[in-house]
1. Can you pull the percent of the chain's accessible area that's carbon plus sulfur, 1.4 Å probe, other chains left in place?
2. Spin-label point model (7 Å from Cα, Cβ direction): what's the Asn125 to Arg143 distance in nm?
3. Any idea of the accessible area per residue across the stretch 169-318, 1.4 Å probe, to the nearest Å²?
4. Taking N as the number of residues in the stretch 185-295, what value does Rg over Cα atoms divided by 2.2 N^0.38 Å take?
5. For the chain, what proportion of DSSP beta bridges, expressed in % and rounded to the nearest 5, is antiparallel?
6. Could you point to the label whose value was computed as volume of the Cα convex hull per residue in Å³ for the structure here, given [x] 182; [y] 140; [z] 129?
7. Considering only Asn234, Thr275, Ala172, whose Cα is most displaced toward the positive end of the charge dipole of the chain, charges sitting on Cβ of Lys, Arg (+1) and Asp, Glu (-1)?
8. Tell me the mean residue ellipticity at 222 nm calculated for the chain from its helices only (DSSP H runs of n ≥ 4, each -39500 (n - 2.57), averaged over every residue, nearest 500).
Amino acid sequence: MISELPDLKQIEAYCAVMTSGSMSGGAKLLGRSPSMVTRLIQDLEEALGFTLFHRNGPRIAATDQGVRFYREAQKLLGSIHRLQENTRSIAHNAESSLLIAGTPALVGGLLPRAIGRLPAALLPNRLHIQSASAQEVIHMVARKEAELGVVSFPFNNSGVKLAWVGQADCLAAVSVHDPLARCNEIDVKDLSGRRFLTMGDPFRIRSRIERALSDASVVPSGVMDSNMAMVMFNLVGQGLGVAILDPVTATTFNHPDIVVKPINVSISYLFAVITSEGTVSHSVLELCDILKQESAAMLPAFHVYDEDAVDFNDHEGT
């Protein structure tokens with residue numbers, strides 16, 4: 001038996017304190033006394049061998065080690081809660097809970113449409129959906145924490161099973177008051193001298209977009225970036241510039257002040273649906289197929305790649 005693991009009550013108390021920002025707040029969340037929660041935290045620190053909080057009277061602030069430990073503690077509590085759910089499901093011979101993980105655009109835009117088409121008999125009583133980076137999604141599926149993942153490129157696909165890989169072209173979003181809104185297709189050269197709205201990560205979709213702009217000798221007047229495509233979408237609505245977005249975000253969300261247009265150059269957006277190795281449930285298999293159908297229905301010029309034709313660390317594919 002593993003004797004070094006801290007007590008789950010201590011972990012629960014720690015997560016409650018981190019969530020509320022104080023010992024008294026954590027105590028209220030748990031329905032316990034502040035002195036009991038304080039004692040649990042102290043016992044946890046002693047068991048771990050490092051300090052979780054800096055203390056200044058009643059004020060506390062998480063240490064660097066405390067922040068790192070919080071991420072792991074949250075995962076553990078999530079696993080425990082799912083174990084409790086699935087134990088009850090097994091006892092009643094019911095479908096186990098389902099956890100799906102994906103990158104923000106795919107979880108926010110594509111996944112709800114697919115879940116809405118899942119037959120009622122296959123829809124679990126408890127469904128968990130988490131948004132994360134592509135690599136974290138891979139890790140969750142590989143560790144069997146998530147049964148299904150939807151991820152954009154590039155990523156390392158080791159330890160997971162591919163259901164399918166799809167591709168569609170990025171689209172431009174412009175203000176309804178922009179002269180470009182009247183074009184059937186936007187010439188990328190017409191973006192020169194305009195403010196460009198783009199994603200913050202230079203190694204993902206932004207690199208593809210910037211390469212296309214560079215190849216067309218487009219020089220923007222300025223740049224705004226964010227780690228969320230929806231932020232870019234809403235900045236366009238404020239008339240602050242032109243955005244080239246992944247096709248899922250661009251086609252999912254309607255905004256009265258924004259029009260979405262195709263571009264005269266192909267900027268590919270590659271994404272994949274993955275499952276854990278081994279046997280997967282009928283619900284997951286059905287959802288994989290529905291996700292493909294919904295992608296074809298909502299994304300212009302969508303097509304499915306042969307797995308052997310894709311380099312997962314190269315966002316262009318072949």
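The values are calculated or read from the model by the stated rules, or taken from the named source; none is laboratory data. Every value quoted in this text rests on a predicted model; they were computed, and no experiment measured them. Quick reminder, even Gly has a Cβ in these numbers, built from the backbone with ideal geometry, and neighbours come from all protein chains shown. Areas reflect the complete protein model, heavy atoms only, side chains present, ligands, DNA and RNA absent. Shrake-Rupley method; radii C 1.70, N 1.55, O 1.52, S 1.80 Å.
1. C and S fraction of accessible area: 51 percent.
2. In this crude spin-label approximation the distance works out to 2.7 nm.
3. On the way: 7050 Å² over 150 residues.
So the stretch 169-318 comes to 47 Å² accessible per residue, rounded to a whole number.
4. 1.27
5. Here the share of antiparallel DSSP bridges comes out near 65 percent.
6. So the calculated entry is the one marked [x].
7. Checked the options; the winner is Asn234.
8. Computed ellipticity for the chain at 222 nm equals -12000 deg cm²/dmol.
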